[in-house]
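The values are calculated or read from the model by the stated rules, or taken from the named source; none is laboratory data. None of these values were measured; they are calculated from a predicted model. Neighbour counts are summed over all protein chains in view; Cβ atoms, including those assigned to glycine, are modelled from backbone coordinates with ideal geometry. Surface accessibility is based on the protein's heavy atoms, side chains included, excluding ligands, DNA and RNA. Shrake-Rupley method; radii C 1.70, N 1.55, O 1.52, S 1.80 Å.
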Amino acid sequence: MKELTLSTKQIITICNFAWIHVQTPCDGPGEEDFLATEHTLTVDKQVQLENGEVYQGLTVHCTEYPEEGYMPLEEVNSPHERT
């Protein structure tokens, strides 16, 4: 399983590169902690979704708190749907 960990600041930099406007706190308490928070992208991660189905693919989770769950970063289609 391949993983990549990025800080919030790095993610905001990527958004700016892609011309996506991101609003961030300015000079507020805890801003440095907010920008240093790390998120891990995982390739080919298998997770159980809230509806009970299993998803396998690209996910993101808060590096410090993986127990809070993994979020799919691709569209999740039910295996019962026709494409």
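Residues are listed down the side, and each one gets a yes or a no for (1) aliphatic (A, V, I, L, M); (2) farther than 23 Å from residue 76 by Cα:
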position	(1), (2)
5	no, no
8	no, yes
13	no, yes
19	no, yes
32	no, yes
45	no, no
54	yes, no
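Condition first: among the polar types (S, T, N, Q) and either touching a Ser or Thr at 6+ places or on another chain (Cβ under 7 Å) or surrounded by 14 or more Cβ atoms within 10 Å (Cβ to Cβ) (or both). Now tell me which residues in segment 32-76 satisfy that.
Let us first name the residues in segment 32-76 that are among the polar types (S, T, N, Q), namely 37, 40, 42, 46, 48, 51, 56, 59, 63.
37, 40, 42, 59, 63 - these are the residues of segment 32-76 that are among the polar types (S, T, N, Q) and either touching a Ser or Thr at 6+ places or on another chain (Cβ under 7 Å) or surrounded by 14 or more Cβ atoms within 10 Å (Cβ to Cβ) (or both).
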Query raised in the report: Where residues in segment 10-31 are open to solvent by 50 Å² or more (accessible area, probe 1.4 Å), of a type outside the set (Ser, Thr, Tyr) and modelled with pLDDT of 90 or more, which of them is nearest to residue 71 (Cα to Cα)?
Result: 11
